[in-house]
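A.B. asks: If you scroll down you'll find the structure; I have some questions about it.
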Amino acid sequence: MTGFHALRDKLGLMYREIAKFGAVGGAGVLVNIGVFNLVRHSTGLQTVRASVLATLVSIAFNYFGFRYFTYRDRDKAGRTRELGLFLFFSCIGLVIENGVLFVATYGFDWDSQLQSNVFKFVGIGVATLFRFWSYRTWVFRAVAVPEPVEPDLTVRDPRVDATRR
């Protein structure tokens, strides 16, 4: 029964992590889509360029959300390394996300407001799967928990210890 409880506890932790990742990610999606539509319709910027700009804004937003909410209990040593890896994997996610929009916009000529938002959202979804895996595996690594040391409960004869000195 111990194995079952350990598995249940591990799944419970994973569920909480996914929920926190989803909360930050959901807010990041709103920032991403909001900035995308604001930039696209208030400037003359092309669709994919507006999307890249929106993605960059949401990457900055998400870093702070992940670091200080989702993964606040993770290893805080090496913040430079963490930020570098976060930006590296976020840029791969940016390419995935905006690659979907690029193909829809320039490959299929689907560039209406509705079509752009749908494919922006689809791109975010595909990139999110990659980001979840990469962030939890490489960026916000779990702190290694040391194995508990069992106390030595053997009774020692002080006379024997005295003769060893």
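The values are calculated or read from the model by the stated rules, or taken from the named source; none is laboratory data. Quantities reported herein were computed from a predicted structural model and do not represent experimental measurements. We place every Cβ from the backbone using ideal geometry, glycine too, and count neighbours over all the protein chains shown. With ligands, DNA and RNA removed, areas are computed over all heavy atoms of the protein, side chains included. Shrake-Rupley method; radii C 1.70, N 1.55, O 1.52, S 1.80 Å.
A.B. asks: Rg and Dmax of segment 48-101 over Cα atoms: what are they, in angstrom?
C.D. replies: Values for segment 48-101 (Cα only, Rg and Dmax): 12.4, 36 Å.
A.B. asks: For segment 1-138, what's the relative contact order in percent, using C-alpha pairs closer than 8 Å and at least 6 residues apart?
C.D. replies: Worked out over segment 1-138, it gives 24 percent.
A.B. asks: Just grab the label-to-label distance for PHE4 and ASP109, each label 7 Å out from Cα along the Cβ direction, in nm (one decimal).
C.D. replies: 6.2 nm
A.B. asks: Hey, another quick one. So if R0 is 25 Å, what FRET efficiency would ARG49 and LEU129 give, r being the distance between their Cβ atoms, rounded to the nearest 0.05?
C.D. replies: Here the calculated transfer efficiency is 0.55.
A.B. asks: Skip the ligands, DNA and RNA, and give the accessible area per residue of segment 1-67 with a 1.4 Å probe, whole Å².
C.D. replies: 58 Å²
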